[in-house]
Ligand SMILES: [Zn+2]
């Protein structure tokens, strides 16, 4: 397992954005696939993922922290509206051992399990990260996905509640399948988002993902 730095991904995302500007047709969605170096075998270099129907609702366990308690249900609701037919749904569960997604407050630990990390360096008030553990042949996602939402400053810092809320929704966006950052600052999936809810482009992107066949699937039964 090797970790990949986000800098590479941001560079690629910026390239895509420039291409979009040159295109006279405005696209309502953006590149969501995680671009990685190709490996021999079945793995692809453009990794796409969505939760299959038979894994819904996705089970999310949330550490009992004041900064998370209300934000995860809000985040689930914010993304659910992208889907007319229930293509994605999630619930908060009480057992972390069987959860599909584990959300913790605080900084992400070092490198013990992470293969690919998507994170947002937001305002000084808080930060978020999503860790995806992907098999070496790049076809399987090992669960759980781990999300970290880190209030980097004290609880009375100005703007902290808003930062925690939007960061949580951003990271849940990664967990549902947006494995890359938008190049547009008005999207919630921008690397350093400022908006508080998914934009129309974010929602359109999520919808597109769930209507295409992914090349990464959940490992195991
Ligand atoms: Zn991110």
Check: Equivalent-ellipsoid semi-axes (√(5λ), Cα gyration tensor) for the range 50-174, whole Å, largest first?
Finding: 23, 18, 13
Next item on the list: Would you order 156, 98, 168 from fewest to most other beta-carbon atoms within 10 Å of each residue's own beta-carbon?
Entry: 156, 98, 168
Margin query: Quick check: from the Cα gyration tensor, does the range 159-198 come out rounded (a/c under 1.5), prolate or oblate?
Written below: oblate
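Where a number appears in this text, it was derived from the coordinates with a stated rule and is not lab data. Every value quoted in this text rests on a predicted model; they were computed, and no experiment measured them. Here the Cβ is made from the backbone with ideal geometry for all residues, glycine too, and neighbour counts use every protein chain on show.
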